[in-house]
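Each remark here refers to the structure printed beneath this line.
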Amino acid sequence: TPISAAKPAAKPKVLKIVPAAPAVSTRKRKEVVIRDPEEELHNDTPAETLSMKDKGKGILVEDPKPIKKKDQIEMDAEEEMEKEEEEIIKSINETPTQKAVKRRRLCEQAKEDENLKKQLEVVVDEDDDVFIEG
């Protein structure tokens, strides 16, 4: 009997069950940057990136604390010394004509002050009666 070539049995095809790709990505985005189209960044300007330790943390902005009294006194003293130094430097650099003009102004101011004091002398009034209509 002749031996015929045996036909190998057909292997059944194995179908793999592949879950359908989800329509929406379930993967969480790490950063979402919302930009104004008018303020679009140029290609050469990188967007701000947050480091791992800064994620989810807001920047704390504290109100300025009032200056302590001792520190304020020291600052006032320093400012006063600076003003005095500036005045000394100005007086050193003044020319004789500027000094004469300054003296003249001071004399005129003193005369005006005396005139005002004379006009504002307190006059004693014997009639201190106060009338109230009611």
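Distance between the 7 Å Cα→Cβ label points at residue 69 and residue 113: 3.2 nm. Every Cα-Cα pair in the range 69-119 was counted, and those over 13 Å apart are 71% of them.
Evaluate the charge dipole of the range 69-119 about its Cα centre and quote only its size in Debye, nearest 20, assuming +1 on the Cβ of each Lys and Arg and -1 on the Cβ of each Asp and Glu.
Dipole magnitude for the range 69-119 comes out near 660 debye.
Values quoted throughout were computed directly from the atomic coordinates according to the rules given, and no laboratory measurement underlies them. Being a predicted model, the structure only gives us computed values, none of them experimental. Every residue, glycine among them, receives a Cβ derived from its backbone with ideal geometry; neighbour counts consider all protein chains shown.
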